[in-house]
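Report on the following structure.
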Amino acid sequence: MFSIIVISALMGAIVGLLAGLLGIGGGLIVVPVLLMLLPAFGIVAPEHAMLVAIATSLGSIVITATSSIRAHHKWGNIPWPLASRIMLGSAIGAWCVGYLAHLVDGVVLQRIFAVAVTLIALRMLGSRSVVGKRSLPGNPAIVGVSGVLGGLASLLGIGGGALFVPVLNYFSVDMKRAIGCAAASGVAIALFGTLGYVIAGWQQYQLSDGFLGFIYLPAMLGIILTSIFTAPVGARLTQQLPVMKIKRFFGVFLMLVALRMFFA
């Protein structure tokens with residue numbers, strides 16, 4: 001268990017740094033790494049590793065997502081009338097998927113994650129986002145679309161920024177407000193998605209073995225302990241490093257990760 005905590009803490013340091021520097025969700029790194037580590041250390045069977053990796057990643061996002069929404073609220077980047085509707089849909093979608101994800105075969109989950117990571121990587125390798133000219137749809141559509149995106153984020157173990165920001169840009173929401181709304185959705189996704197995974201796995205894993213539902217607590221705590229310190233460092237480095245070049249390099253790295261997961 002100690003080895004897992006140490007490795008997770010090192011991973012958390014990298015995750016926090018990249019999150020602050022590139023604005024990406026840690027799940028893109030956490031899930032593939034835990035997918036390898038958990039079976040290697042005999043913590044879970046290989047067929048359950050993907051589900052536990054996703055749930056643990058989502059649980060580790062709760063603290064960082066809460067910190068992020070506080071910062072964006074302070075900076076005035078969150079249009080709350082819109083963000084509240086997005087949070088409602090995200091919460092419903094994330095909880096439903098978190099509760100039902102164990103019904104999906106682990107290999108299928110792995111393939112879905114690989115496809116999603118490929119699409120995110122292609123976007124990182126492409127040009128910068130352009131704000132569209134379409135107006136936002138009505139409230140039911142906003143809640144519905146947010147539910148779908150929140151559910152997908154919960155299924156992938158990510159905060160949702162990579163999904164929500166381009167969609168909001170398409171509907172003429174400027175980048176700062178889009179990121180603020182994505183931060184708000186991240187809290188709803190992390191909290192309610194985690195709750196779904198905890199309830200669904202309550203009878204399958206024991207707290208005495210380090211589990212809270214499908215969440216493996218030693219790994220989650222290791223990630224949180226370091227990522228909360230390195231994320232602000234990454235944010236400061238955006239003023240000193242060539243972020244776009246690093247982003248494209250990381251996009252290539254994600255493509256390789258996706259290929260490995262797809263064919264593993």
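Could you please let me know if Val97 is over 28 Å from Val252 (Cα atoms) and under 15 Å from the mean Cα position of the chain (by Cα)?
On the way: over 28 Å from Val252 (Cα atoms): yes; under 15 Å from the mean Cα position of the chain (by Cα): yes.
Against the criterion (over 28 Å from Val252 (Cα atoms) and under 15 Å from the mean Cα position of the chain (by Cα)), Val97 qualifies.
Given the residues Ser127, Ser68, Ser84, which is the only one that is more than 14 Å from the chain's Cα centre (by Cα), modelled with pLDDT under 95 and either surrounded by fewer than 18 Cβ atoms within 10 Å (Cβ to Cβ) or assigned to a helix (DSSP H, G or I) (or both)?
Numbers: Ser68 fails: more than 14 Å from the chain's Cα centre (by Cα); Ser84 fails: modelled with pLDDT under 95.
Unique residue meeting the criteria: Ser127.
Is it fair to say Ser208 is among the polar types (S, T, N, Q), modelled with pLDDT under 90 and out of contact with any strand residue (DSSP E or B) (no Cβ under 8 Å at 6 or more places or on another chain)?
Spelling it out, Ser208 is indeed among the polar types (S, T, N, Q), modelled with pLDDT under 90 and out of contact with any strand residue (DSSP E or B) (no Cβ under 8 Å at 6 or more places or on another chain).
Could you list, in sequence order, all residues of region 190-233 that are among the aliphatic types (A, V, I, L, M) and over 18 Å from Gly151 (Cα atoms)? Even if it seems obvious, please write down each step before you answer.
Let us first name the residues in region 190-233 that are among the aliphatic types (A, V, I, L, M), namely 190-191, 195, 198-200, 207, 212, 215, 217, 219-221, 223-225, 228, 231, 233.
Leu207, Leu212, Leu217, Ala219, Met220, Leu221, Ile223, Ile224, Leu225, Ile228, Ala231, Val233, listed by residue number.
Can you confirm whether Ala91 is within 21 Å of Ile14 (Cα to Cα) and assigned to a helix (DSSP H, G or I)?
Details: within 21 Å of Ile14 (Cα to Cα): no; assigned to a helix (DSSP H, G or I): yes.
Taking the combined requirement at face value, the residue does not satisfy it.
Would it be correct to say that Ser68 is polar (S, T, N, Q) and under 17 Å from Ile7 (Cα atoms)? If you could, list the steps in order and put the result at the bottom.
On the way: polar (S, T, N, Q): yes; under 17 Å from Ile7 (Cα atoms): no.
Against the criterion (polar (S, T, N, Q) and under 17 Å from Ile7 (Cα atoms)), Ser68 does not qualify.
Please pick out the residue among Leu21, Leu10 that is at pLDDT below 85, part of a helix (DSSP H, G or I) and either surrounded by fewer than 21 Cβ atoms within 10 Å (Cβ to Cβ) or touching a helix residue (DSSP H, G or I) at 6+ places or on another chain (Cβ under 9 Å) (or both).
Numbers: Leu10 fails: at pLDDT below 85.
Matching residue, one of Leu21, Leu10: Leu21.
The values are calculated or read from the model by the stated rules, or taken from the named source; none is laboratory data. Predicted model, so just to flag it, every value in this text is computed and none were measured. Note: ideal-geometry Cβ built from the backbone for every residue, glycine included; neighbour counts use all protein chains shown.
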